[in-house]
Structures are given as C-alpha cells and as structure tokens.
Amino acid sequence: MKHSLSARQAQALLSCSENFKTKHVSFKYAVSGHAAIAFSIKKSMGSAVLRNHFKRQSRSILMGPLFKKNPINLLVRPISKITKKTSVAEDFNLLKKHITKKEELKN
C-alpha cells in the first residue's frame, strides 16, 4: 500500500525505535523523512470490520495535518480489544504530544 512499511522496514523499526503506550494502543516510532505505517493486530482484537476501520482511521490521522511537519515511521499495536467506541484520535494526539516533548528536551 501507498503509505505502508515493508516487512523489513517494520522489523528494523522494532529493533531501533522509541516506544510509547496509551491505554489502548502501543506505538513504536522513528522520526523519518516521510510518513509510513505498519500494523500488528491479532484476530482476537476484534472483527475484520473493526480492525480495518481502526487501520483506516490510523492511516488517515498519520497522513493528516497532525504529523505533516514531523513525519514518522510508525508500528501500531492495539493493547485492548477494538470496539466501535475505540478512539484512535486521542491516542495519536497523546503520541504527538510525547514526540513534541522529546524534541523540546533535545533542544
């Protein structure tokens, strides 16, 4: 897919990236020149419809204005079961705040 990481890139991201966890999602990320995403979602996390909806929402947020200035490569793993009420936007906002704080500390 267009903004997806290859298996090799996802494996590299697992070994040398930053971690961030929220109540519902675990993120592994690395700052990059372009935004790309990979998913690790078990079937037990929800129906195919819910898993696909989660992925569409995640891609949309990553490619949207939130990460335009600071593109990242991202591996997303849900921690809790995906439901209709799962809010992906809240988790991505927390991730953005975390990344911004880390960058401020470096400078």
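Leaving out ligands, DNA and RNA but keeping every protein chain, what accessible area does His3 have, in Å² rounded to the nearest 10, with a 1.4 Å probe?
For His3, the solvent-accessible surface is approximately 70 Å².
Which one of Asn19, Met63, Ser87 is farthest out on the positive end of the charge dipole of the chain, using unit charges on Cβ (Lys, Arg +1; Asp, Glu -1) and the Cα centre as origin?
Ser87
Restrict the search to region 71-106; then list the trypsin sites (Lys or Arg not before Pro) that DSSP places in a loop and that have at most 16 other Cβ atoms within 10 Å of their Cβ.
Lys81, Lys84, Lys85
Relative contact order of the chain: what whole-number percent is it, with Cα pairs under 8 angstrom and at least 6 residues apart?
Values: 140 pairs, mean separation 37.0, N = 107.
In percent, rounded to a whole number, it is 35.
Would you please give the residues with an amide H less than 5 Å from that of Val25, counting only those at least 5 places away or on a separate chain, with H modeled from the backbone geometry?
For Val25, the qualifying residues are Ile79.
Given the options Ala30, Ala38, Ala48, which has the most mean-square fluctuation in a GNM of the chain, springs set between C-alpha atoms less than 10 angstrom apart?
Ala48
So what J values fall out for region 69-80 if you push phi through Karplus, 6.51 cos²θ - 1.76 cosθ + 1.60 with θ = phi - 60°, rounded to Hz, Gly and Pro as x?
Residue by residue, region 69-80 yields 6, 10, x, 9, 8, 9, 10, 10, 10, x, 8, 10 Hz.
Rounded to the nearest percent, how much of the accessible area of the chain (1.4 Å probe, protein heavy atoms only) is carbon and sulfur?
C and S atoms contribute 55 percent here.
What is the local net charge at Lys102, summed over the other residues whose Cβ is closer than 13 Å to its Cβ (Lys, Arg +1; Asp, Glu -1)?
Result for the neighbourhood of Lys102: +1.
List every residue whose amide H lies under 5 Å from the amide H of Ala38, counting only residues 5 or more places away in sequence or on a different chain, with H placed 1.01 Å from N in the peptide plane.
Answer set, sorted by chain and number: Leu5, Leu74, Leu75, Val76.
Counting only the heavy atoms of the protein chains, how much of Arg59 is accessible to a 1.4 Å probe, in Å² to the nearest 10?
About 60 Å², ignoring ligands and nucleic acids.
Taking a 1.4 Å probe, which of Leu105, Leu94 shows the most accessible area, and what order do the others take after it? Don't skip to the end; give the middle numbers.
On the way: Leu105 150, Leu94 80 Å².
Ranked list, largest accessible area first: Leu105, Leu94.
The values are calculated or read from the model by the stated rules, or taken from the named source; none is laboratory data. Only a predicted model underlies this, so the values are computations on that prediction, with no experimental measurement involved. Cβ atoms come from the backbone with ideal geometry, glycine included; neighbour counts cover every protein chain shown. Just the protein is used for accessible areas: all its heavy atoms, side chains included, with ligands, DNA and RNA removed. Shrake-Rupley method; radii C 1.70, N 1.55, O 1.52, S 1.80 Å.
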